[in-house]
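A short worksheet on the structure shown next.
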Amino acid sequence: MAPEPNRTGAGASTSGTKDEAAAKKKIESEDLSDEDLALKQQLELYVERVQDSDPGLQKIALESMRQEIRTSTSSMTSVPKPLKFLRPHYGTLKAYYETMAESELKKYLADILSVLALTMSAEGERESLKYRLLGSEGDIGSWGHEYVRNLAGEIAQEYAKRQSEEAPIDDLMELVQQIVAFHMKHNAEPEAVDLLMEVEDLDMLIEHVDKTNFKRTCLYLTSSARYLPGPDDMLVLDIAYSIYLKFEEYPNALQIALFLDNLQHVRQVFTSCDDVLRKKQFCYILARHGITFELDEEMVNDDEDREVLQDIVNNSKLSEGYLTLARDIEVMEPKSPEDIYKAHLLDGRASAGASVDSARQNLAATFVNAFVNAGFGQDKLMTVASDSSSSGSSGNWLFKNKEHGKTSAAASLGMILQWDVDSGLAQLDKYFHSNDNHVIAGALLGVGIVNCSIKNDCDPAMALLGDYIDKEDSSARIGAIMGLGIAYVGSQNEQLRYKLAPILSDPKASLDVIAFTAIALGLIYVGSCNEEVAQAIIFTLMDRSESELGEPLTRLLPLGLGLLYLGKQESVEATAEVSKTFNEKIRKYCDMTLLSCAYAGTGNVLKVQNLLGHCSQHLDKGEMHQGPAVLGIAMVAMAEELGLEMAIRSLEHLLQYGEQNIRRAVPLALGLLCISNPKVNVMDTLSRLSHDTDSEVAMAAVISLGLIGAGTNNARIAGMLRNLSSYYYKDTSLLFCVRIAQGLVHLGKGLLTLNPYHSDRFLLSPTALAGLITMLHACLDMKAIVLGKYHYVLYFLVLAMQVSKNVVDGGREFEALIGACSGWPSSGCCWTGWSS
């Protein structure tokens with residue numbers, strides 16, 4: 001005779017007995033249908049038979065009970081009826097299990113108890129896992145998906161407990177193997193990945209992926225990596241890289257290799273792939289990312305193919321492709337600044353103000369002209385017809401600018417001829433014969449701009465600019481140094497380090513020369529963590545006098561140091577410790593700059609909180625470290641959409657409660673977060689701030705309107721800026737900022753973008769980001785730097801200028817449409833390779 005329920009409860013607690021009694025009472029009180037009543041009685045009979053002394057009866061009862069539970073749990077939308085009716089008997093079965101001798105029947109009962117524990121087990125007891133490990137090792141999936149999910153959760157808890165106790169985990173890992181196999185077969189890849197992350201064995205994933213599920217698996221891995229702490233994020237991406245390589249998804253593997261900044265992985269992608277066309281695609285991705293990379297025989301066997309592919313990596317044909325694109329969509333016609341200002345749409349008062357010929361307005365027109373006609377090789381101010389001499393309109397426009405204005409005017413020719421090295425150097429050559437050092441400085445900077453993103457075996461930039469580094473005139477030195485920084489960004493060129501590093505310790509060098517040298521070295525060695533360059537900049541900062549540390553350009557020294565660690569996270573810690581020994585005037589500024597650069601593009605929430613903490617303090621007016629802290633919030637949070645939206649909301653709060661120096665940096669941070677991506681809410685905020693009573697806030701907001709609309713031809717922003725030009729027609733400084741913003745909105749006549757992200761916003765180009773943050777740090781002191789004599793810092797934006805993917809995609813669709821209509825093939829060459 002079977003023992004009565006709850007009488008033999010050797011292992012059952014009092015509370016468990018109460019629960020079961022309550023469950024029994026509840027079921028009895030419910031109105032059951034005849035079918036449910038029959039099932040309930042049947043299950044109660046099975047429970048009694050399980051406790052029978054006859055093993056034959058026990059086996060039949062257990063098999064029947066297993067069958068009832070299995071058929072009910074295969075699709076679980078509510079608590080299955082067998083589990084519901086067996087709840088009152090859970091304690092009884094547990095107690096009887098303890099009395100059973102070791103046998104197959106005991107294992108069968110353990111299986112059933114494992115499933116019943118799904119709804120009956122107390123919180124944290126992990127009884128479902130306990131009985132599963134004691135039960136038979138049958139097919140885990142036959143009990144249903146919900147059971148497997150519950151088991152995975154309990155395994156994660158048990159694993160953490162055993163790890164802390166240093167207990168063996170072999171039995172758990174066998175179960176994990178089964179669960180992962182089940183999940184991967186049933187389209188539950190995220191759950192398999194989550195479990196393997198919990199038990200720290202992602203390598204197991206590689207043997208379970210197949211060609212039907214590897215894309216979903218890798219998508220989840222790459223997406224979740226954004227939210228994992230280091231070094232787990234890198235480990236996850238490494239697994240995704242291995243999976244992509246296994247299934248010959250080479251472009252995706254290359255993107256992950258670039259994200260990891262692992263050139264060995266990049267080499268492996270090239271050596272693993274045999275298709276030359278696909279290798280061309282890899283080269284376009286590398287060129288867009290902006291890294292220096294040399295192909296060798298192992299990567300590409302054929303000499304001719306290797307030369308063609310190296311040209312793509314070096315961007316040798318970039319100008320040619322860009323101009324082909326411009327001709328195909330018929331935007332080759334040069335535009336003048338007046339075409340951008342559209343003064344005829346304004347009232348008489350403002351349009352009269354716009355036509356005043358002042359040096360400041362001419363300088364603004366120079367920048368607008370350069371931004372709008374960037375890369376087109378022709379404009380209406382600087383380039384002239386072939387029969388004109390150097391005394392023609394080019395010379396006339398150049399000399400409509402005063403002193404340092406001529407530097408920007410001469411350099412603007414470099415931007416107009418951007419990427420076209422041969423033509424650019426030929427047209428800039430005439431300025432090298434000038435007697436005016438400002439013109440020579442502009443020509444030197446122009447050479448750097450023309451060579452930006454282009455790698456050339458002849459190294460024309462080094463040959464032309466190297467001789468001017470040690471000139472006595474500071475403006476020519478700055479032009480050469482800045483030109484080298486722009487031309488060799490990210491190249492880690494040792495020859496340049498030997499040339500530039502001594503300038504940092506030169507007692508005769510002026511502060512502005514030293515500051516631009518630090519930035520140039522930061523750009524050349526961006527993200528390299530180079531110790532020699534770091535030490536040179538650190539010693540320079542330590543040697544500065546109290547008065548020099550108060551100068552506006554001194555802020556570029558910590559930035560040069562920060563660029564060395566761009567995106568390198570913990571690698572900055574040793575340098576950050578050293579920075580705590582600096583003079584208190586620059587110490588905090590340096591600390592914020594290093595932190596924000598090191599964690600740029602990582603989305604690290606803790607660092608954002610840290611930076612927000614610094615921004616919440618109410619300090620004296622002399623403190624200037626909160627500006628880079630605000631920019632740092634944008635730099636860290638720009639990694640993914642969710643963090644970006646949250647950062648925008650946090651910056652709104654800073655606007656309301658922050659000190660004046662914080663409010664001046666907020667528009668710039670918003671500009672960086674939404675660069676070349678005009679979000680309506682940010683546009684409205686900046687529009688409001690552009691009328692702020694503090695002129696520096698208004699100037700930052702106006703520049704940021706240009707940044708968020710850069711290269712988009714956004715009609716709404718263009719209208720806002722036209723109205724602002726009318727509103728500020730008497731304020732030359734603000735009008736200058738409005739003009740710059742107008743030029744940025746129409747960047748490259750809408751063909752270019754400043755967005756440092758590419759490859760579906762997965763990869764962040766370090767060289768592009770370096771150019772943007774250099775320009776934004778200069779804008780933290782707008783009046784002294786951008787509106788002073790160092791306005792040419794705006795040319796650092798050239799580092800981020802790339803052909804907009806939207807234009808190329810639109811061009812491909814247009815070409816396909818024309819092909820479909822006319823019967824021509826739609827594989828035209830002019831769009832090939834631009835997708836990167």
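The values are calculated or read from the model by the stated rules, or taken from the named source; none is laboratory data. These numbers were taken from a predicted model, which means no experiment stands behind them. Here the Cβ positions follow ideal geometry from the backbone for every residue, glycine too, while neighbour counts run over all protein chains shown. Areas reflect the complete protein model, heavy atoms only, side chains present, ligands, DNA and RNA absent. Shrake-Rupley method; radii C 1.70, N 1.55, O 1.52, S 1.80 Å.
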Cut-off under 5 Å, modelled amide H: who pairs with Leu763 long-range: His758
Per residue, how large is the accessible surface of region 526-652? Use a 1.4 angstrom probe and give square angstrom. 40 Å²
For Leu752, the residues 5 or more places away or on another chain with a placed amide H closer than 5 Å to its own amide H are Ser804
Karplus 3J(HN,Hα) series, Hz, for region 362-368 with 6.51 cos²θ - 1.76 cosθ + 1.60 (x for Gly, Pro): 5, 5, 4, 4, 4, 5, 4
Karplus 3J(HN,Hα) series, Hz, for region 423-437 with 6.51 cos²θ - 1.76 cosθ + 1.60 (x for Gly, Pro): 5, x, 5, 5, 7, 7, 3, 4, 6, 5, 8, 6, 8, 8, 4
Solvent exposure of region 174-314 as accessible area per residue, Å², 1.4 Å probe: 47 Å²
Along the Cα→Cβ direction, 7 angstrom out, place labels at Asn713 and Asp139. What is the inter-label distance in nm? 6.1 nm
Report in % the part of the accessible area of region 593-663 that belongs to carbon and sulfur, leaving out ligands and nucleic acids; probe 1.4 Å. 55 percent
Karplus-derived 3J(HN,Hα) from phi for region 597-610 (6.51 cos²θ - 1.76 cosθ + 1.60, θ = phi - 60°), whole Hz, x at Gly and Pro, runs 5, 5, 9, 4, x, 9, x, 5, 5, 5, 6, 4, 4, 4
Added length on full extension, which subtracts the Cα-Cα distance from 0.36 nm per residue, Glu320 to Ser695: 130.7 nm
Rounded to whole angstrom, the alpha-carbon centroid of region 772-793 lies from that of region 504-543 at a distance of 18 Å
Rounded to the nearest percent, how much of the accessible area of region 241-327 (1.4 Å probe, protein heavy atoms only) is carbon and sulfur? 41 percent
Given the Cα-Cα distance of Met173 and Lys580 and 0.36 nm per residue of separation, how much length would full extension add, in nm? 141.8 nm
Which of the peptides 736-747, 705-716 is most tightly packed, and how do the rest follow, going by the mean number of other Cβ atoms within 10 Å of each residue? 736-747, 705-716
